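Step one of this worksheet: look at the structure below.
The values are calculated or read from the model by the stated rules, or taken from the named source; none is laboratory data. Bear in mind that the values here come from a model prediction, so they are computed numbers and not experimental data. Please note: Cβ atoms are built from the backbone with ideal geometry, for glycine as well, and neighbour counts cover all protein chains shown. What goes into the accessible areas is simple: the full protein's heavy atoms, side chains included, and nothing from ligands, DNA or RNA. Shrake-Rupley method; radii C 1.70, N 1.55, O 1.52, S 1.80 Å.
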Amino acid sequence: MENFIVSARKYRPATFDTVVGQKSITNTLKNAIKNKQLAQAFLFCGPRGVGKTTCARILAKTINCQNITENIEACNECVSCKSFNQSASFNIHELDAASNNSVDDIRNLVDQVRVPPQVGNYKVYIIDEVHMLSQSAFNAFLKTLEEPPAYAKFILATTEKHKIIPTILSRCQIFDFKRITVEDIAKHLHYVADSEHIKVNEDALHIIAQKADGALRDALSIFDQLVSFAGNELTYESVIQNLNVLDFDYYFKVIHHILKGDAAATLLILNEIIDNGFDGQHFIIGLGEHIRNLLVCKDPGTVSLLEVSEKLKKRYLDQAGLSDTGFLLRALSINNQYDVQYKESNNKRLHIELSLLQMCGLMGYPATQTKTAKRSQALPKPDENPMPSAQVKEPHEEMKKPAEIPAKPAAEKEKSEKNETPAKHSDAEEGDRLRPQENHLATDDDILPDHLSIKKSSKMLNGDREKKAEAEAARPKLKNEFTNGQLKEAWTAAISSTFNFSQNLSSSLSKKIPVLKDDFRLELTLDNKVLEREMREKMQELHMHLRAALKNDMVRMDTRVAAVEEQDKEAYFPDEIYKKMVEKNPEINKMRDQLDLEIDF
């Protein structure tokens, strides 16, 4: 039986030009050889599987080649190249510092350095995982590394540069190897597949490349594993099945139903994903990446950041065109919040369902769905429509005075009293509530009882925004005058209610009293952009509070960030508060040290 050679070894680059994803480094090394400006020591550092040891071997082989080509590559014909290819070269020595990290090992290496090469120009010492050397071994190596013989070259390789002492770093030329891009890995896998006569799918190769996380060696190992599983045809389905990767289609379907506000369909897809054995946090992370990809597609300048195949890129661009940027940002924020809190949750499934319901809530939970692909374009703009009833408080009783509501004409009132009875009125209301609205197709939720419909339950909880908007437009606009004292009182109450999730934020904002300008316009000066962002997110709710409390529907507030010289040096966060306390009383620091206290920042 013929011995099997893994792809990572079989297709290991043998020349500078075949190294994947490290063009700048290989060009620098070739120019150094061409100009005869080789350093005495090199340090190759970077993550695993990106070509550090491979480049070290190519460099060692090339500088000893007796007939270097015009392209600065080894000829593979001379005695030195043949001995290297047969792993029989006496001029190239490899040392694994992970297992040879003592002073004695380095002394043996130093003794070998004294012997000049018998064939070729240089003796090259490749020390892999050099950060594993002990402190004493590093010290024993210093002198030789600083002043080696002219024929000795040292190539050190490591994945953890920060563990190498500065005296070693200062004696080396340092080359930082980067993670290999998904596109480069996919191209190399395609080359390997063609060489092995394996039929592959482009999306499947991109999944492998993403799973490898920038390491080509890992990608080739995964490729070998999948070929053993699927045979000579590598399909997208076989890859996601073997690697336990969630299909992209699930994420496209989830966002599609969220954009329609279809909470029921969204939860059913989540149920299917969980039934297929996928971990909940795996789904949350994947959904976050999907929303991020949609955001990237919103700007032509950032589409290049999308690391997927061309076919999949088109699907992302199509769905991004149907999504509002504001919705994507809020959905990504919700997803990130629930990802952080996932491990602390006792009911993991409910935790994910809540995140999806909140995303559906961004689209308003419509009671019935029309067959349109541009549902997201109907998103209400800030300050044009009222918020859902879960966020909007009812107006004060003073705003509901009978005198302020237009009275019915006497004839119409008499007619309504004759023709309507309480029982008929109730039936009519019940029929209107259950009857599907015009201009759209009836759905299952229009037929099922309310207690079986998630969307109708959501509608009952959130209210009908369109009817509220009509009622609000018909109501007479109040323009009552108010004093600065009344404004301050209304502002403090509105801030306490709106920002009750953070006492620090509520306290800091309550100290910033708005200034009354013309036409009931308020101007608020804030110290930084963090406060301004928080204010903008809650601006509509603040408007509702202030207008109700001041009995004035014309109130509108603008914000601006103060210049540096205007900013109030107030402490907003725990670390700032602690610094303020220490400034007033330095003894607090001593007490903290004596009692070994920690501050929750």
Of the residues that make up the range 226-239, is at least one among the small types (G, A, S), buried (at least 21 other Cβ atoms within 10 Å of the Cβ) and more than 20 Å from the chain's Cα centre (by Cα)? no
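If the requirement is being in contact with a Cys (Cβ under 9 Å, 6 or more places away or on another chain) and of a type in the set (D, E, K, R), which of these qualifies: D128, D176?
Values: D128 fails: in contact with a Cys (Cβ under 9 Å, 6 or more places away or on another chain).
Criteria check complete, one pass: D176.
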Please verify whether the range 178-200 includes one or more residues that are assigned to a helix (DSSP H, G or I), more than 20 Å from Y11 (Cα to Cα) and without any contact (Cβ under 8 Å) to a residue 24 or more places away in the chain. no
Sole exception among (1) open to solvent by 10 Å² or more (accessible area, probe 1.4 Å); (2) polar (S, T, N, Q); (3) at pLDDT 90 or above for N244, by number: (3)
Looking at the range 155-208, which of its residues are surrounded by fewer than 20 Cβ atoms within 10 Å (Cβ to Cβ), aliphatic (A, V, I, L, M) and either out of contact with any strand residue (DSSP E or B) (no Cβ under 8 Å at 6 or more places or on another chain) or under 30 Å from H131 (Cα atoms) (or both)? I164, I165, L169, I174
If you take the residues of the range 279-299 that are of a type outside the set (K, R) and not in a helix (DSSP H, G or I), which of them is surrounded by the fewest Cβ atoms within 10 Å (Cβ to Cβ)? D299
Is it fair to say I164 is within 23 Å of K61 (Cα to Cα) and in contact with a helix residue (DSSP H, G or I) (Cβ under 6 Å, 6 or more places away or on another chain)? no
Positions within the range 154-177 being polar (S, T, N, Q) and not in a loop (DSSP other than H, G, I, E, B), in sequence order: T158, T167, Q173
L505 vs (1) exposed (fewer than 15 other Cβ atoms within 10 Å of the Cβ); (2) at pLDDT below 75: all pass except (1)
Which one of these does V245 not meet: (1) in contact with a helix residue (DSSP H, G or I) (Cβ under 7 Å, 6 or more places away or on another chain); (2) outside any helix (DSSP H, G or I); (3) more than 28 Å from D318 (Cα to Cα); (4) without any contact (Cβ under 8 Å) to a residue 40 or more places away in the chain? (3)
Is it true that some residue in the range 304-314 is open to solvent by less than 50 Å² (accessible area, probe 1.4 Å) and over 18 Å from D203 (Cα atoms)? no
Taking the options N121, N139, name whichever one is in a helix (DSSP H, G or I), open to solvent by 70 Å² or more (accessible area, probe 1.4 Å) and out of contact with any strand residue (DSSP E or B) (no Cβ under 9 Å at 6 or more places or on another chain). N139
Select from the range 303-320 the residues that are modelled with pLDDT of 85 or more and either among the hydroxyl-bearing types (S, T, Y) or out of contact with any helix residue (DSSP H, G or I) (no Cβ under 8 Å at 6 or more places or on another chain) (or both) and write down the one among them that is farthest from I255 (Cα to Cα). K314
Residues K538, K551, K580: which one is under 14 Å from W491 (Cα atoms) and at pLDDT below 80? K538
Within the range 513-530, track down each residue that is buried (at least 18 other Cβ atoms within 10 Å of the Cβ) and either without any contact (Cβ under 8 Å) to a residue 40 or more places away in the chain or touching a Pro at 6+ places or on another chain (Cβ under 8 Å) (or both). L522, L524, L526
From the list A32, A60, which residue is touching a strand residue (DSSP E or B) at 6+ places or on another chain (Cβ under 9 Å), surrounded by fewer than 22 Cβ atoms within 10 Å (Cβ to Cβ) and closer than 21 Å to S80 by Cβ? A32
Of the residues that sit in the range 511-535 and are charged (D, E, K, R) and in a loop (DSSP other than H, G, I, E, B), which one is farthest from the chain's Cα centre (by Cα)? K517
Flag if E146 is within 32 Å of the chain's Cα centre (by Cα) and more than 30 Å from V308 (Cβ to Cβ): no
Within the range 35-49, tally of residues that are open to solvent by less than 10 Å² (accessible area, probe 1.4 Å) and among the aliphatic types (A, V, I, L, M): 2
Long-range neighbours under 8 Å by Cβ, at least six apart or interchain, first residue more than 15 Å from I33 (Cβ to Cβ) and in a strand (DSSP E or B) within the range 72-95, second at pLDDT 85 or above and open to solvent by 30 Å² or more (accessible area, probe 1.4 Å): I92/R57; I92/F84; H93/Q112; E94/D128; L95/D105; L95/D128
Restricting the range 323-340 to residues that are under 11 Å from the mean Cα position of the chain (by Cα) and of a type in the set (S, T, N, Q), which is surrounded by the fewest Cβ atoms within 10 Å (Cβ to Cβ)? S333
